[in-house]
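Novice: Quick one: the structure is below, and I'll ask about it shortly.
Coordinate-derived values only; no laboratory data. Every value quoted in this text rests on a predicted model; they were computed, and no experiment measured them. Here the Cβ positions follow ideal geometry from the backbone for every residue, glycine too, while neighbour counts run over all protein chains shown.
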Amino acid sequence: MERTMLGLFGICCTLLALAQVCLASVMVKVTPEVEVIRGENAKLPCSYTSSGPVSSVVVQWSIETPSGRKQIAYKSPQDSGVDPDPTMAGRLVMEEDLSITISKVNVEDERNYTCQVTAGAVGFSEAQTQVKVYFAPEKPVITGNNQAITVSHDTDTSSEVAKCISRNAYPQPRIIWFKDATPLPEVKDQKEKTYMIPSVVKEASGLYTMTSTLFMQPVKADAKSVFHCTVEYSMPNNQIKQESSDKFNLSLLYSTENVFFKLKNQGPIKEGDDVLMECETDGNPQPEFEFKKEDKELKGSKGTLKVKNVTRKNAGNYQCEALDFDAAENVELIKTLSLAVHYLDPVSVTPEGPLVTDKGNAVDLQCKTKSSDEYTLQWKKDSKVLSQTGVLTLQSVTLADAGVYLCVGAVPSVPGLQKQANVTLTITGAPEIDAPVNGFVDKEGGMVTLNCSTLGHPAPQFTWTPSGKESVTVVGNKVISTVILEASAAVLKDGVICEAYNKLGRDTKNFKVSVKSDPSKPQDNNAANRAEKQQGGSSAVVIAVVVCVLLLLILVAALFFLNKKGKLSCGKKDKKDVTSGEVKGGIVVEMKSGEKGNEETDLLNKPHAEQ
């Protein structure tokens, strides 16, 4: 019984071990899709996991070929290596992490790669990686668009417009045609008016060259349209990109339906202008043209008629005829243009100059002209408008009224159309010197320049007193005498006299000359005031002293006179001894004993004695 139990236990253990082996498994993990740009490197990772213990693991990479699966790389505990397809020779490496790396990927490398892991008794597992290769095409090029296409309404046949070629793309791209930035529907049915015929060539490199030929039945409006093509291609990460060709226009041939005859000049035409007239049609190419004026043939060039320096005689109707013999019979090939030439006759002045009159007289001037339009007349002198009509009256003219008077005629409606005439008026009279402009020098003895500006006719002559280096100039109707002389003390004191004279009279003016103040030494006004006050005070003191002396002399004279008349009593008894101390105040003059007293001294002492 015991043996039986032991036997059953052994059987159970064996079954359990077998079940454990049967339930164990290995799981392979790869990147399902690897995207790579042609010419770059691609790494295909491979890893595995197992639910049980593994030993003696073997990893194999393989590809599918027409003859079946082919191993290209392997790794086992004993060895590892590569056995690549001939297209991958020298570009395949088996990495330590079980991945493989393909360098400089080309188009042939796009396929499925299988990673298989064998884990002994645990079993084996595999997974596939798909390699996708991309390459951007060259910029598309337009060819065949330089041929002229005839626009015809009598045919349903489409013409080849152009070809769009895009080279070296992978995977195969797509070409789209555009007209005026709007994509044309992709039509391959050759019964339609507009369709495309695509073609593809696989180059030896495995890249694709795409060509699309555009066919159209163009109309006249297509001559102004802009065409181009765009290649649309795929790149990694589901990117859709585009590259466009250069833009181009169609060269279309079509007959004339309308003729246009126009004047190219801007604004009204005036005598002396160059006129340009242009004749053209809405056909292509442009036909020859004939120009006429009043049945007289004129010579033009390529639809352009030029008339230089036009006059009023060039005004009238001009005719242009387009010589398009392919145009329909109902098309009007002759057009007419009316040319108007504006003019203004030369301005005439009455009386004609030059005019001479005396100062104080009246002068009447008048100017006239003729024009194709309304015109204006203005009298001017020195840019100042004197009259808005053709008549100018000057009452009691002065010497300053002499000069050039200008009459300007203009046509306001025609810019630049104006004429003018002038007359010179001379006023005779004695010289009149302008207000003098004084001169300044840095110091006495310096040289000073003075200008004596004078009106008068006949032209005056000049005399300077004192004289110096003289020169005479004429500015307008003024005669200016300039003198350069030394600023002597006499000049600084009395000035310089300018005398202008002619046979009708003379005029003189005095020009003052001063020394410039030194700006570096500002005047002390307070000090000047103080000096002035001190000088005033000293004068007052002197005057007071003089007055006092005069009063004293008058008093002495009066006393002397009274003494002579006996009005005053003077004697010895009135004398006082100075030492007696009886004189209380005043001035005492001592008289010597036995000596006759001085009468003037007595007169001085007498009042004090009587006090």
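Novice: Take Leu551, Leu455 and order them by how many other Cβ atoms sit within 10 Å, fewest up front.
Specialist: Ordered by Cβ neighbours within 10 Å, fewest first: Leu551, Leu455.
Novice: Normalised by the number of residues in region 434-515, what is the relative contact order in percent for Cα pairs under 8 Å and 6+ residues apart?
Specialist: 38
Novice: A further question on this structure: What FRET efficiency would be calculated for the residue pair Asp345, Phe260, taking the C-beta separation as r and a Förster radius of 41 Å, to the nearest 0.05?
Specialist: That pair, Asp345 with Phe260, gives E of 0.70.
Novice: Give the calculated FRET efficiency between Asp373 and Glu290 to the nearest 0.05, with a Förster radius of 35 Å applied to their Cβ-Cβ distance.
Specialist: 0.60
Novice: Go through Lys380/Lys512; Lys179/Lys262; Lys188/Lys220; Lys443/Lys478; Lys306/Lys368; Lys308/Lys335 and tell me which ones have a Cα-Cα distance over 26 Å in this structure. Could the numbers behind the result be given before it?
Specialist: Working: Lys380/Lys512 37 Å; Lys179/Lys262 32 Å; Lys188/Lys220 24 Å; Lys443/Lys478 32 Å; Lys306/Lys368 33 Å; Lys308/Lys335 22 Å.
In this structure, Lys380/Lys512; Lys179/Lys262; Lys443/Lys478; Lys306/Lys368 exceed 26 Å between Cα atoms.
Novice: Note the full-extension length gain between Asn237 and Thr31 as 0.36 nm times their separation in residues minus their Cα-Cα distance, in nm to one decimal.
Specialist: Full-extension gain reported as 72.7 nm.
Novice: Considering only DSSP states other than H, G, I, E and B, which trypsin sites (Lys or Arg not before Pro) in region 219-311 qualify as loop sites with at most 14 other Cβ atoms within 10 Å?
Specialist: Passing sites in region 219-311 are Lys247, Lys264, Lys299, Lys302, Lys308.
Novice: Please work out whether region 22-134 counts as rounded, prolate or oblate from its C-alpha gyration tensor, where a ≥ b ≥ c are the square roots of the eigenvalues and a/c under 1.5 means rounded, while otherwise a/b larger than b/c means prolate and anything else oblate?
Specialist: Prolate shape, in that a/c is at least 1.5 and a/b is the bigger ratio.
Novice: Please order Leu552, Leu207 by the number of other Cβ within 10 Å, starting at the fewest.
Specialist: Numbers: Leu552 10, Leu207 21.
Final ranking by Cβ density, sparse to dense: Leu552, Leu207.
Novice: What are the chymotrypsin sites (Phe, Trp or Tyr not before Pro) within region 203-237 that DSSP puts in a loop, where the Cβ has at most 10 other Cβ atoms within 10 Å?
Specialist: none
Novice: Here is a follow-up. What are the GluC sites (Glu not before Pro) within region 22-97 that DSSP puts in a loop, where the Cβ has at most 14 other Cβ atoms within 10 Å?
Specialist: Glu40, Glu96
Novice: Report the label-to-label distance for Ser488 and Asp83 in nanometres (one decimal), using points 7 Å from each Cα along the Cα→Cβ vector.
Specialist: A separation of 13.6 nm, rounded to one decimal place.
Novice: Run a plain Debye calculation on region 409-455 (Cα atoms as equal point scatterers, no solvent) and give log10 I(q)/I(0) at q = 0.15, 0.19, 0.26, 0.27 Å⁻¹, rounded to two decimals, same order as the q list.
Specialist: For region 409-455, the Cα-only Debye profile gives -0.68, -0.79, -1.00, -1.03.
Novice: Net charge near Val347, counting Lys/Arg +1 and Asp/Glu -1 over other residues with Cβ under 11 Å of its Cβ?
Specialist: Computed value for this residue: +2.
Novice: Still on this structure, please answer the following. So for Leu253, Leu44, fewest C-beta neighbours within 10 Å to most, what's the order?
Specialist: If I rank by nearby Cβ atoms, fewest first, I get Leu253, Leu44.
Novice: Enumerate the residues in region 415-455 having an amide nitrogen under 19 Å from the point lying 7 Å beyond the Cα of Ser514 toward its Cβ.
Specialist: Zone members listed by number: 435-451.
Novice: Could you tell me the calculated FRET efficiency between Asp382 and Glu192, based on Cβ-Cβ distance and R0 = 60 angstrom, to the nearest 0.05?
Specialist: 0.15
Novice: With Cβ to Cβ distances under 11 Å as the rule, what net charge do the other residues near Pro412 carry (K, R +1; D, E -1)?
Specialist: Counting the neighbours of Pro412, the net charge comes to -2.
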